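What follows is a set of notes on a single structure, which appears directly below.
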Amino acid sequence: MSLTADVKAELTAVRDASPSARVAELTSLLRFSGGLHSIANRVAVEAELDSDVLARRVARDLMEIYGVRPELVNVQGSGARNGSHYAVRVIEGGETLARQTGLLDQRRRPVRGLPNKLTTGSRGDLAAIWRGAFLAAGTLSEPGRSAALEITCPAPEAAMALVGAAHRLGIPAKAREVRGVPRVVVREGEAIRVALARMGAERAASDWDQMRQRREVRAGVNRLVNFDDANLRRSAQAAVAACARVERALEILGEEVPEHLREAGELRLAHRDASLDELGHHADPPLTKDAVAGRIRRLLAMADKKAEHDGIPDTEAAVPVGVED
């Protein structure tokens, strides 16, 4: 199962004991999954859902709360919506149900957002609104850079109502439009965890948090490995460049090189991958790393000065192309 399916399966099993929360969830679900239609010049209420289990639960809630007997239809997907989905329709008594749920106002006009009595309700009712909206039109992507919890909305007003409810619940949600379709989006790992928990998907919230933490740890390790690799590459390139310059310096100076500088240069060539500190331990008698560095620096400077005087390539010219000094 996908993350979205896992969350919806858990939310479908949530049964809030509060009558007002049950009404809020069902109304929100109807609003975000289809809402009102006109069938044979009659107002019909319809919800299109991804799950047979959820469709049967919605039908049961409609019977228990409003006393209507809906029609359940298995619809084969087409166009942008692939796979089977399920329609829960109320045609007989549809207008009465629309008025009772607040999907129609007193003048028989469709409510473009959400009924005001719901959005000004308790925190439990607000959480139920989000639960219903996610069950109807929500998606959850995996943790990562583009992680998001999104709900597709039927109208900008519905998106703004959902954002208002989110802010009262402490969820940092934002409304945006993608290819002309209003959406409500929650980003950032902690915000998504909070949103899942507020809706009632406690297990999904915990699983999400663990996945996010594992990803962050893995990303941190990868960054350290890449950092170490970069340091190793730089160190290797520096060693190649240093040895190439020392070889060229000894070649330029020939017999003119002072003995203590020759020893430092030959020490560098004999232990090409060693650090300056390690070179100092190999010297006889042992030298500090500053002493080794100073002698090699003077060797190169002396050779470069002679090369300039003689008009020949200096020690830099011996460094292979593509290798940083």
Enumeration of residues in region 270-319 that are touching a residue at least 12 places away in the same chain (Cβ under 8 Å), loosely packed, with under 14 Cβ neighbours inside 10 Å, in a helix (DSSP H, G or I) and among the aliphatic types (A, V, I, L, M): A270, A317
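Counting residues that are under 18 Å from M199 (Cβ atoms), which strands (runs of 3 or more DSSP E) fully inside region 1-99 reach at least 1?
Values: elements: 34-39, 42-49, 71-78, 81-90.
Ranges flagged: 42-49.
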Residue within region 160-168 that is touching a strand residue (DSSP E or B) at 6+ places or on another chain (Cβ under 7 Å) and farther than 18 Å from R198 by Cβ present: yes
A148, sole failed condition from (1) hydrophobic (A, V, I, L, M, F, W, C); (2) surrounded by fewer than 17 Cβ atoms within 10 Å (Cβ to Cβ); (3) out of contact with any strand residue (DSSP E or B) (no Cβ under 8 Å at 6 or more places or on another chain): (3)
Any hit, region 58-70, residues being surrounded by 15 or more Cβ atoms within 10 Å (Cβ to Cβ) and either under 30 Å from the mean Cα position of the chain (by Cα) or of a type in the set (S, T, Y) (or both): yes
Only listed residue being modelled with pLDDT under 85, part of a helix (DSSP H, G or I) and within 21 Å of A9 (Cα to Cα), chosen from D209, D125: D209
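Rundown of residues vs (1) among the β-branched types (V, I, T); (2) touching a strand residue (DSSP E or B) at 6+ places or on another chain (Cβ under 6 Å), yes/no style:
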| position | (1), (2) |
| --- | --- |
| F32 | no, no |
| A44 | no, yes |
| L49 | no, yes |
| I65 | yes, no |
| R69 | no, no |
| Y86 | no, yes |
| L97 | no, yes |
| Q100 | no, no |
| N116 | no, no |
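Every residue, every condition in (1) in contact (Cβ under 8 Å) with a residue 24 or more places away in the chain; (2) in contact with a Lys or Arg (Cβ under 7 Å, 6 or more places away or on another chain), yes or no:
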{"position": "L103", "(1), (2)": "yes, yes"}
{"position": "G121", "(1), (2)": "yes, no"}
{"position": "I129", "(1), (2)": "yes, no"}
{"position": "P143", "(1), (2)": "yes, yes"}
{"position": "L149", "(1), (2)": "yes, no"}
{"position": "C153", "(1), (2)": "yes, yes"}
{"position": "P156", "(1), (2)": "yes, no"}
{"position": "R179", "(1), (2)": "no, no"}
{"position": "V194", "(1), (2)": "yes, no"}
Of all residues in region 1-21 being modelled with pLDDT of 90 or more and of a type in the set (D, E), the one that is surrounded by the most Cβ atoms within 10 Å (Cβ to Cβ): E10
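The values are calculated or read from the model by the stated rules, or taken from the named source; none is laboratory data. Nothing here was measured: the structure is a model prediction, and the numbers come from that model. Cβ sites come from the backbone with ideal geometry, for glycine too, and all protein chains shown count toward neighbours.
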